[in-house]
Amino acid sequence: AGRWMDLQRCGAALTLRAGHSFGSYWERYGEEHPEWFALQPDGSRKQGKGDRERLCLSNDALRDRIVENLKTYFRENPAAVSASIGLNDGGAEWFCHCEPCRSWDAPEAGTVLWGTRTVPNMSDRVWRFSTDIAARIEKACPGKVLTAYAYSAYRDAPRRKLDFPKNLIIGVVGGV
């Protein structure tokens, strides 16, 4: 966790809003924008029932929508200090298999066990997605903070150089 502490410039106290963030996205956007969801090994982008959708993190239009949703949230809730961009966990769906998402993974990071499946270490993919959104919110909504979790197949710090915006706080979840 030491590398995470360095990346986050730890040392302040805040009341933070954290947790899964995209549980309603399939219901809200799946019909019109199936390309925003993780490409499954069978070639579909269909997501299961419930609130555990997997996203296509490399999709520019999806990230634009997330940023707009966050800007609306902060505008409608001016006293809110933070919002979460934590990915959903659980569910039956795989992480995205599309070529752009896979190109964001660092091959030198190897693989990790995700449940009973062996998958690429997706830390670089997830943190590229998260830092992009956070940097845009930092400019659009000064003083607002975003949270996410280092967890599961993206529990490690990224291997590639990423500039972590000062408004992004990562909760490191151990033991998984």
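As a test of the formula, what do you get for the chain when each DSSP H run with n ≥ 4 contributes -39,500 (n - 2.57) and the sum is divided by the residue count, at 222 nm and rounded to the nearest 500 deg cm²/dmol? Value at 222 nm, helices only, nearest 500: -9000 deg cm²/dmol.
Ordering 49-60, 126-137, 107-118, 149-160 by mean Cβ neighbour count within 10 Å, with the highest value first, yields 126-137, 149-160, 49-60, 107-118. For region 139-149, the Karplus equation 6.51 cos²θ - 1.76 cosθ + 1.60, evaluated at θ = phi - 60°, returns couplings of 6, 7, 9, x, x, 8, 10, 10, 10, 7, 10 Hz by residue, with Gly and Pro reported as x. Take the chain with all the other protein chains still there, run a 1.4 Å probe, and you get 52 Å² of accessible area per residue. Look at where the Cα atoms of region 138-161 and of region 25-97 average out, and the two centres are 16 Å apart. When a 1.4 Å probe is rolled over the protein heavy atoms, the share of accessible surface on region 48-176 that falls to carbon and sulfur comes to 51 percent. Among the DSSP beta bridges whose two residues both lie in the chain, what percent are antiparallel, rounded to the nearest 5? Approximately 35 percent, going by the DSSP bridge assignments. Full extension of the chain between D163 and D89 yields a length gain of 24.2 nm, computed as 0.36 nm times the residue separation minus the alpha carbon distance. Sorted largest first by accessible area at a 1.4 angstrom probe radius, with every protein chain in place, the residues S103, S84 fall in the order S103, S84. Close amide-amide hydrogen proximity is noted between V145 and S82, A83, each under 5 Å apart and 5 or more residues distant or on a separate chain (H modeled in the peptide plane; Pro and chain starts excluded). Ranking D105, D89 by solvent-accessible area of protein heavy atoms (1.4 Å probe, all protein chains present), from largest to smallest, gives D89, D105.
The values are calculated or read from the model by the stated rules, or taken from the named source; none is laboratory data. All of these numbers come straight from a predicted model, not from anything done at the bench. Neighbour counts are summed over all protein chains in view; Cβ atoms, including those assigned to glycine, are modelled from backbone coordinates with ideal geometry. Surface accessibility is based on the protein's heavy atoms, side chains included, excluding ligands, DNA and RNA. Shrake-Rupley method; radii C 1.70, N 1.55, O 1.52, S 1.80 Å.
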